[in-house]
Amino acid sequence: MPPSSQLRSGTGLTVERAIALFTDQVRSRELDIVARELRAADRGYYTISSAGHEHNAIVGALLRPTDPAFLHYRSGPFMMARARQIAGTDPVGDTVLSLMAAADDPVSGGRHKVWGGRDLWVVPQTSTIASHVPKATGFAFAHELVARNGLGADLPDDSIVCCSFGDASANHASALTGINAARYGARLGGGVPILFVCEDNGLGISVRTPRGWIASSFGELAHLEYIRASGEIDQVWDQVATAIERCRTGRVPVFLHLPTVRLWGHAGSDVESAYRQRREIEQDEARDPLLLAARRLLDTGAASGSLLREVVAGVRDEVAQAVERHADRRPLGDRDRIMAPIAPYSADAVADAASELGDDRRRARHFGDQLPESATAPSRRTLAAAINATLHDELLRRPNAVVFGEDVARKGGVYHVTAGLQEAFGPRRVFDTLLDETTVLGVAQGAGLRGLLPIPEIQYLAYLHNAIDQLRGEAASTGFLSAGQFRTPMVVRVASFAYQRGIGGHFHNDNAVGALREIPGLVIAVPSRGADAARMLRGALAMAEVDGRVVCFLEPIALYHTKDLYEDDDGRWLSDYPPPGEALLPGEVGVYGAEHRDLVIVTFGNGVRHALRAARRLADEHGRRARIVDLRWLAPLPLAAITEHAAACGRVLVADECRASGGIADAVLAHLVGRHFDGAMDAVRSADSYVPLGPSADVVLLSSDEILDAALKLLER
């Protein structure tokens with residue numbers, strides 16, 4: 001048959017494309033074999049194969065290279081087919097390097113076996129439980145936003161997003177969240193062009209998916225088009241083509257149900273005969289997509305047996321040569337090189353971006369009669385007002401910045417921190433999301449990957465824990481897994497901490513940051529005063545924009561509208577708004593009473609106000625004077641500054657408002673011990689308890705009295 005002939009009448013699959021497709025499927029299968037051979041020889045480190053999932057090559061062949069993809073780990077055939085569309089790529093050699101965890105691996109630099117690459121527009125990830133689905137949905141949403149705002153020309157406006165996962169992972173909360181968010185966006189009338197590809201092999205390691213479960217679960221959902229692609233290779237081709245076209249032209253979410261089989265167990269170490277009957281395994285082997293594709297090519301006359309044998313032999317030789325070519329490649333053996341993509345910091349560029357001056361005429365038009373830095377007493381700024389003014393300024397000078405979250409738009413935030421932003425910048429730049437923190441952070445990741453500068457809000461620190469894997473497993477790992485090819489920049493604003501007179505109980509008074517501090521590369525900022533908040537937010541946004549950093553900006557709720565420090569109506573917690581050009585970056589601490597040397601109190605957030613009150617009593621009642629150091633940054637901790645002030649004072653008290661198991665006191669004291677600090681040290685912290693409702697909260701939270709008592713005891717040593 002001529003290469004341009006249809007495989008059968010009415011199909012879109014030609015002979016030429018069918019043979020190319022079969023070749024890519026064989027490539028993937030041979031790489032699966034080599035992965036196990038390399039592991040047996042102790043030269044490879046990954047054996048989860050794509051065997052049985054070869055029909056995902058059809059998805060890879062029909063999508064464009066400008067359709068971003070977030071892939072299931074059994075996506076070898078997809079990658080072979082996509083790479084075929086891009087001249088100069090070597091998917092076989094790249095996969096071999098990845099299996100060997102070689103430093104020359106162009107995807108992750110040997111950090112993990114992942115599919116991806118910037119030139120292929122495939123974002124590397126290890127989302128084995130579908131935790132990538134929310135960010136894929138976020139990307140689809142952000143792509144439409146970028147197109148409407150005229151901000152991005154690197155992808156065609158009609159690009160769509162592909163997101164694949166397995167039938168077992170389809171049950172995971174992250175998958176359901178991402179799919180629900182796409183349906184929600186479609187219901188509201190916004191474009192969400194995402195193709196969800198469920199590769200259904202009927203198994204989650206050893207746990208069976210009930211027959212018909214995927215179809216019954218997703219087949220009749222509103223605002224989600226369901227298409228099943230099964231049958232012969234040409235039939236699957238046409239059904240996949242229909243799904244892609246519907247997604248592309250309709251700008252709607254489409255659920256593509258792709259039945260597959262799983263061959264050879266979950267991974268190399270999985271002996272499936274321990275939980276499956278021999279008959280079941282043999283039935284699956286009889287459904288091997290490679291065998292069925294070869295038979296279809298023979299039956300239609302598209303290929304002869306000798307041609308197919310030549311394809312297999314050629315691929316085997318190609319893969320063998322790649323293994324031989326890369327036989328001497330070595331893994332990353334240097335700690336600094338391994339960690340380099342985790343926390344990049346271009347100090348000069350970040351400082352320049354943070355201290356950029358605003359356009360005076362635009363600011364004058366925007367703010368009206370009075371610029372925020374011109375306000376003086378009694379109109380100085382609270383913490384909340386300073387953050388609000390900074391968001392106005394940053395949205396003015398950063399056209400790619402977007403603010404979103406629950407209640408941030410029309411309401412202006414639960415604490416009115418985002419008041420007036422939507423009126424000033426419109427619903428394409430300031431918008432409400434559904435009530436789901438995983439969705440909020442998924443949108444943030446997708447927006448960051450698409451070139452926007454996302455500023456999502458999470459209403460309470462306790463709520464962030466519902467979705468923390470979106471930061472730990474997804475956003476913060478993007479640079480690491482892609483060797484810096486992709487970044488998910490964002491500044492996540494979180495209403496945080498306690499001291500709200502027990503209002504709301506522990507869900508509104510979370511006083512622990514341990515789960516955040518253990519995330520590699522995550523920056524944690526905690527402003528205590530309005531002027532600091534403005535300068536730190538500028539610095540945080542500069543880090544996100546320049547280096548793609550993920551920043552958690554923890555805003556103490558109890559200080560949002562606080563005005564007074566020592567007495568009622570003294571107004572000493574208010575700040576002047578620092579004009580654009582002033583910024584703070586990690587390592588820069590706040591110091592109160594720098595001339596005092598009796599002891600240094602190291603603290604942050606609400607602790608700063610408590611420490612200042614305690615220090616005043618220490619001076620007035622006991623004649624001893626304390627220096628207060630506001631850390632401002634909890635990750636990375638400003639260790640150099642801590643060391644300097646400890647040496648100057650000789651005594652260190654850490655006043656940590658977090659509970660003992662979730663704060664920074666241990667890290668500060670351990671650092672000083674490691675630096676052979678021989679002065680007196682101690683820490684005072686909140687109780688290791690959830691925060692109870694009402695006045696009982698005061699019993700478990702750090703207080704000024706406790707800080708004073710601890711300081712006096714330390715001074716006696």
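The values are calculated or read from the model by the stated rules, or taken from the named source; none is laboratory data. Nothing here was measured: the structure is a model prediction, and the numbers come from that model. Glycine gets a Cβ as well: all are built from the backbone with ideal geometry, and neighbour counts include every protein chain shown.
Tabulated data for the structure shown
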{"item": "Cross-chain or 6+ apart pairs with Cβ under 8 Å, the stretch 275-291 first and surrounded by 13 or more Cβ atoms within 10 Å (Cβ to Cβ) and of a type in the set (A, V, I, L, M), then part of a helix (DSSP H, G or I) and modelled with pLDDT of 95 or more", "result": "290/22; 290/25; 290/26; 290/29"}
{"item": "Single residue of the stretch 648-664 satisfying the filter (over 18 Å from residue 556 (Cα atoms) and of a type in the set (A, V, I, L, M, F, W, C)) that is surrounded by the fewest Cβ atoms within 10 Å (Cβ to Cβ)", "result": "648"}
{"item": "Out of 130, 140, sole residue that is at pLDDT below 95, surrounded by 24 or more Cβ atoms within 10 Å (Cβ to Cβ) and either touching a strand residue (DSSP E or B) at 6+ places or on another chain (Cβ under 7 Å) or basic (Lys, Arg) (or both)", "result": "130"}
{"item": "Residue within the stretch 193-215 that is more than 26 Å from the chain's Cα centre (by Cα), surrounded by 13 or more Cβ atoms within 10 Å (Cβ to Cβ) and more than 30 Å from residue 285 (Cβ to Cβ) present", "result": "no"}
{"item": "Flag for residue 444 being part of a helix (DSSP H, G or I) and either modelled with pLDDT under 95 or of a type in the set (A, V, I, L, M, F, W, C) (or both)", "result": "yes"}
{"item": "Helices (runs of 4 or more DSSP H) enclosed by the stretch 261-371 - at least 3 residues per element that are under 30 Å from residue 541 (Cβ atoms)", "result": "335-339, 347-354, 360-367"}
{"item": "Qualifying residues in the stretch 613-639 (those that are within 37 Å of the chain's Cα centre (by Cα), of a type outside the set (D, E, K, R) and outside any loop (DSSP other than H, G, I, E, B)) - the one surrounded by the most Cβ atoms within 10 Å (Cβ to Cβ)", "result": "629"}
{"item": "Members of the stretch 570-603 that are hydrophobic (A, V, I, L, M, F, W, C) and over 17 Å from residue 534 (Cβ atoms)", "result": "591, 594, 599, 600, 601, 602"}
{"item": "Within the stretch 168-192, considering residues that are more than 19 Å from the chain's Cα centre (by Cα) and assigned to a loop (DSSP other than H, G, I, E, B), the one modelled with the lowest pLDDT", "result": "190"}
{"item": "Cβ-Cβ under 6 Å pairs, at least 6 apart or on other chains, the stretch 15-38 side over 15 Å from residue 58 (Cβ atoms), far side among the charged types (D, E, K, R)", "result": "30/316"}
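Table: residues versus (1) without any contact (Cβ under 8 Å) to a residue 60 or more places away in the chain; (2) over 24 Å from residue 428 (Cα atoms); (3) outside the structural domain of residue 401 (by TED's automatic domain parsing).
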| site | (1), (2), (3) |
| --- | --- |
| 131 | no, yes, yes |
| 139 | no, no, yes |
| 145 | no, no, yes |
| 153 | yes, no, yes |
